[in-house]
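As structure tokens, the structure follows; a few thoughts come after it.
The values are calculated or read from the model by the stated rules, or taken from the named source; none is laboratory data. As the structure is a prediction and not an experimental result, all values here were calculated from the model. Ideal geometry is used to build each Cβ from the backbone, glycine not excepted, and the neighbour counts take in all protein chains shown. For accessibility, only protein heavy atoms count, side chains too; no ligands or nucleic acids. Shrake-Rupley method; radii C 1.70, N 1.55, O 1.52, S 1.80 Å.
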Amino acid sequence: FMAEFAEQVDAYLPFNKLTESFVLGGDLLPEPSHKYFCGIDQSGLSGKDRFALAVAHREDKEVIVDVVRAWDTKNGRQIITEAKGIARDYGIDAVTVDRYAGGWIAEAFQSVGLEVKTRESLPNVYQNFKSLLLAGCLRLPDVRSLRDGLARTQAYYGRNNSLSISHERSAAGHADEADACVTAVWCASSKQQGGYFSGVLT
């Protein structure tokens, strides 16, 4: 039929490397010697998507994800209050969200004293995550929904070889914890320049 395929779809993260990285049994307690970073995957509090949060820190050449949370509730005030509590426990004064975050997210976090930063594009933060994964520099909590979300991450390559990231939807949502996790890893692995994060494990 003279068909021409414009995209190629692949599983993005190697399963064996992912399996090796899930070495933590649960939350890690905060330690004063570490600097912690918080990544958010916000939802519009409608539909099946969940509001997710992850906390990560860096130790030498490793990035450790200390906490992963997701909320099923649509009560925005409850979510922000609990997220603020986690941030307080880990000495975090800013959260990083994606560039499509709705205005209410910034206002809600700022109202509880947290600065809101915008991360790089989803392909960029996943490329950073994959680089660290392949190098054996990640330690992740063995949370089933996080494991499933990362395993269901797909890469779409367009005609100009541009990368897009997508996730298959499941009963647990749209890989919300995975996106929060890679955002926190991006922040923890990058050096801060002028209030923004850039680079990988520098």
Going through the cross-link list 61/84; 17/61; 84/117; 35/84; 17/117; 35/117, which pairs have a Cα-Cα distance over 22 Å in this structure? 61/84; 17/117
At 1.4 Å probe size, with no ligands or nucleic acids counted, give the accessible surface of residue 130 in Å², nearest ten. 50
Per-residue ³J(HN,Hα) for the stretch 150-159, Karplus 6.51 cos²θ - 1.76 cosθ + 1.60, θ = phi - 60°, Hz, x for Gly and Pro: 5, 5, 8, 6, 10, 10, 10, 10, x, 4
What does the convex hull of the alpha-carbon atoms of the stretch 103-179 project to on average, in nm²? 7.2
Which residues' amide hydrogens lie under 5 Å from the amide hydrogen of residue 115, considering only partners 5 or more residues apart or on another chain, with H built in the peptide plane? 94, 95
With DSSP loop assignment and no more than 16 other C-beta atoms within 10 Å, the chymotrypsin sites (Phe, Trp or Tyr not before Pro) in the stretch 51-124 are 100
Expected unfolding gain across residue 134-residue 81 under the 0.36 nm per residue rule, minus the alpha-carbon gap, is 15.5 nm
Which of the aspartates and glutamates could a cross-linker bridge to residue 74, judged by Cα under 18 Å and excluding same-chain residues fewer than eight apart? 41, 49, 82, 107, 176, 177
Residue 156: accessible area at probe 1.4 Å, nearest 10 Å²? 60
Go through the stretch 184-189 residue by residue and turn each phi into a ³J(HN,Hα) via Karplus (6.51, -1.76, 1.60, θ = phi - 60°); whole Hz please, and just put x for glycine and proline. 4, 5, 4, 5, 5, 8
Under 5 Å from the placed amide H of residue 59, counting only residues 5+ away or on other chains, we find 64
